[in-house]
Amino acid sequence: MIPNDLSQSVTSLAAGLGVVVAFMAVGLAIAQHQKKLTVVDTMWGLGFVLVAAETALVSSGGDGDPALRWILLTMVTIWGVRLAWHLHRRNSGQAEDPRYQELADADGRSFTRVALMRVFLPQGVAMWLVATPIMVGANNHDICTPLLAVGLVVWAIGVFFETVGDAQLAAFKRDPSNKGKLMDQGLWRYTRHPNYFGDACVWTGIWIVVAGSWAGLATVIGPIAMTVFLTKVTGAALNEKGMKKSKPGYDEYVRRTSGFIPLPPKKK
């Protein structure tokens, strides 16, 4: 027979997959209507909140610790709602993000096929993989207090880097005297991507919280997928490609500044 906790985890994973598919289908329809791929940025954070909420409901009838379910939902909600609101404000009323515009122009296929195959499908797969610690960990029988403490600290560091990094960049862009200049101040002096580093810490922290069970430990694929997605797929890789073309001195900034983990700048 299949152990009850494993059965509950499989059920949560299947239900979470259904939520991701439905949510991304709605996003694809919105993007097709607006002819704008940037809408996926706002949906990214909200999708995780929906998965966490659905998981809390589905697993409520199981043997998992109720307090852990609410802790996980709270952690994801704080992160996801803040991120969605920030990206919505940043992108509202703006033209298509240059990263997505270049992707659409270079592909040569119809807008709908590009949106499905190059944006919403891969991001949907990534969302489901990243969210595995939530879907599986919600069925843990007990909270491991030491891991909870460490996980919350790592999560809080991530929220700090992402929130402060985004605020510093927004303030920099609002200053007319900075037009055309390169942002290398504040947290951006120590890492070229404090927001992406923050995202990775958030999901590493969530994984640590649920790593007190063998099933939870196995969901390390979640923070790994998030980090790879941010650094190699649509995050830093696409961002830096555009920055090298548009920002004078970016190569020098790359030479002296860490690409991901915050470190003291290298001396000239």
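The values are calculated or read from the model by the stated rules, or taken from the named source; none is laboratory data. Keep in mind that what you see is a predicted model, and the values were worked out from it rather than measured. Note that we place each Cβ from the backbone using ideal geometry, even for glycine, and neighbour counts take in every protein chain shown.
Does region 175-182 contain any residue that is in a helix (DSSP H, G or I) and hydrophobic (A, V, I, L, M, F, W, C)? Within region 175-182 (the criterion being in a helix (DSSP H, G or I) and hydrophobic (A, V, I, L, M, F, W, C)), the answer is no, since none of the residues qualifies. In region 138-161, what residues are within 18 Å of Gly47 (Cα to Cα) and either in a helix (DSSP H, G or I) or in contact with a strand residue (DSSP E or B) (Cβ under 7 Å, 6 or more places away or on another chain) (or both)? Residue satisfying the conditions is Val159 alone. Please work out if Ala31 is within 30 Å of Phe111 (Cα to Cα), in a helix (DSSP H, G or I), among the hydrophobic types (A, V, I, L, M, F, W, C) and at pLDDT below 95. It is true that Ala31 is within 30 Å of Phe111 (Cα to Cα), in a helix (DSSP H, G or I), among the hydrophobic types (A, V, I, L, M, F, W, C) and at pLDDT below 95. Restricting the search to region 212-227, which residues are surrounded by fewer than 22 Cβ atoms within 10 Å (Cβ to Cβ) and closer than 21 Å to Val49 by Cα? Answer for region 212-227, where residues must be surrounded by fewer than 22 Cβ atoms within 10 Å (Cβ to Cβ) and closer than 21 Å to Val49 by Cα: Val220, Ile221, Ile224, Ala225, Thr227.
When region 53-108 is limited to residues that are modelled with pLDDT under 75 and surrounded by 12 or more Cβ atoms within 10 Å (Cβ to Cβ), the one that is nearest to Met243 (Cα to Cα) turns out to be Leu103. Close contacts from region 133-160, counting a first residue that is touching a residue at least 24 places away in the same chain (Cβ under 8 Å) and a second that is in a helix (DSSP H, G or I) and of a type in the set (Phe, Trp, Tyr), with Cβ to Cβ under 6 Å and a gap of 6+ residues or different chains, come to Pro133/Trp207.
Could you please let me know if Thr42 is surrounded by fewer than 19 Cβ atoms within 10 Å (Cβ to Cβ), of a type in the set (Ser, Thr, Tyr) and either part of a helix (DSSP H, G or I) or at pLDDT 90 or above (or both)? It is false that Thr42 is surrounded by fewer than 19 Cβ atoms within 10 Å (Cβ to Cβ), of a type in the set (Ser, Thr, Tyr) and either part of a helix (DSSP H, G or I) or at pLDDT 90 or above (or both).
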